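Asks: Next up is a structure, given as structure tokens.
The values are calculated or read from the model by the stated rules, or taken from the named source; none is laboratory data. Nothing here was measured: the structure is a model prediction, and the numbers come from that model. Positions of Cβ are generated from backbone atoms using ideal geometry, with glycine treated the same way; all protein chains shown enter the neighbour counts.
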Amino acid sequence: MAALKKLILGFVILVVTLSAIGLILPKHYNVERSIVINAGPDVVYPEVVNLKAWPTWGVWFKRDPAMELVYSGPDRAIGMRSEWKSVSEGNGEMEITALEHNKKVVYSLYFPDMDMGSTGTIEFMPSNSGTRVVWRDEGEVGYNPVDRYVVLMIDSLLGPDFEAGLENLKVVVENRG
């Protein structure tokens, strides 16, 4: 009986300690990747501002070809929305919230199943060999200590998808020219 009490007490101490540590971990995250595409911003920008074009280069769409997609709002403008349902990739919503023609696309992203959202930005900067495209996503996870542990790994979870998506975008744009 004494061993069981020690085991339970040890478990409680472990849970309390991990929770306390989780509360002091960062709640804000930022994931960023970039690539240079051999085309001008005027050629790259249309592939990003048009949410209907994302399935040609976005990795999540390629991993689930059966993903259900619905688009609404003004086409290639602030307020354009996409919503998706996917067994393997999860459900989500995306809306363009700000634009700078041939320079920047800003969007809000929301995953209702996890009640988690973020802000994404894709910027286009002319370079000597084409366009440097920078894809950034940032958000906050709140006070849940488990979510704060996820923040420690989020770059390694999302980063490879951003890299693959940018590579796909490069292939799409450069093969079109």
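Asks: Name the residues in segment 50-94 that are over 19 Å from LEU157 (Cβ atoms), charged (D, E, K, R) and loosely packed, with under 14 Cβ neighbours inside 10 Å, would you?
Replies: LYS52, GLU68, ASP75, listed by residue number.
Asks: Within segment 54-78, restricting attention to residues that are under 23 Å from MET114 (Cα atoms) and small (Gly, Ala, Ser), which residue is modelled with the highest pLDDT? Steps first, answer last, please.
Replies: To start, the set of residues in segment 54-78 that are under 23 Å from MET114 (Cα atoms) comprises 54-55, 58-72.
From what is left, the residues that are small (Gly, Ala, Ser) are 58, 66, 72.
Working: GLY58: 93, ALA66: 91, SER72: 97.
Applying the filter and picking the extreme gives SER72.
Asks: Before we move on, is VAL133 of a type in the set (Val, Ile, Thr), closer than 28 Å to LEU152 by Cβ and touching a residue at least 12 places away in the same chain (Cβ under 8 Å)? Talk me through it step by step, then tell me what you get.
Replies: Details: of a type in the set (Val, Ile, Thr): yes; closer than 28 Å to LEU152 by Cβ: yes; touching a residue at least 12 places away in the same chain (Cβ under 8 Å): yes.
Spelling it out, VAL133 is indeed of a type in the set (Val, Ile, Thr), closer than 28 Å to LEU152 by Cβ and touching a residue at least 12 places away in the same chain (Cβ under 8 Å).
Asks: In addition: For segment 1-63, give me every one of the helices (runs of 4 or more DSSP H) that falls completely inside it and has 2 or more residues that are farther than 16 Å from THR131 by Cα and free of Cβ contacts under 8 Å to residues at least 12 places away in the same chain. Spell out how you get there, then give the answer.
Replies: Details: elements: 2-24, 41-49, 59-63.
Ranges flagged: 2-24.
Asks: Okay, next question. Can you name the residue in segment 68-86 that is part of a strand (DSSP E or B) and charged (D, E, K, R) and is also farthest from GLU140 (Cα to Cα) among such residues? Before you say what the answer is, go through the steps one by one.
Replies: As a first pass, look at segment 68-86 and keep what is part of a strand (DSSP E or B): 68-72, 81-85.
Checking the rest, the ones that are also charged (D, E, K, R) come to 68, 81, 83, 85.
Details: GLU68: 27, ARG81: 22, GLU83: 21, LYS85: 23 Å.
My answer is GLU68.
Asks: Since VAL172 meets every condition but one in (1) within 18 Å of GLY58 (Cα to Cα); (2) outside any strand (DSSP E or B); (3) in contact with a Gly (Cβ under 6 Å, 6 or more places away or on another chain), which condition does it not meet?
Replies: (3)
Asks: A further question on this structure: How many residues does segment 87-127 contain that are of a type in the set (A, V, I, L, M, F, W, C), modelled with pLDDT under 90 and in a loop (DSSP other than H, G, I, E, B)?
Replies: Our first condition is that a residue be of a type in the set (A, V, I, L, M, F, W, C); within segment 87-127, this holds for 87, 94, 96, 98-99, 105-106, 109, 111, 114, 116, 122, 124-125.
After this cut, where a residue has to be modelled with pLDDT under 90 as well, the list is 114, 116.
With the extra rule that they be in a loop (DSSP other than H, G, I, E, B), the set shrinks to 114.
Qualifying residue count, segment 87-127: 1.
Asks: Separate question: So which residues in segment 1-36 are of a type in the set (Val, Ile, Thr) and in contact with a strand residue (DSSP E or B) (Cβ under 6 Å, 6 or more places away or on another chain)? Full working, then the answer.
Replies: We begin by selecting, within segment 1-36, every residue of a type in the set (Val, Ile, Thr); these are 8, 12-13, 15-17, 21, 24, 31, 35-36.
If the condition is that a residue be of a type in the set (Val, Ile, Thr) and in contact with a strand residue (DSSP E or B) (Cβ under 6 Å, 6 or more places away or on another chain), then VAL31, ILE35, VAL36 are the ones that fit.
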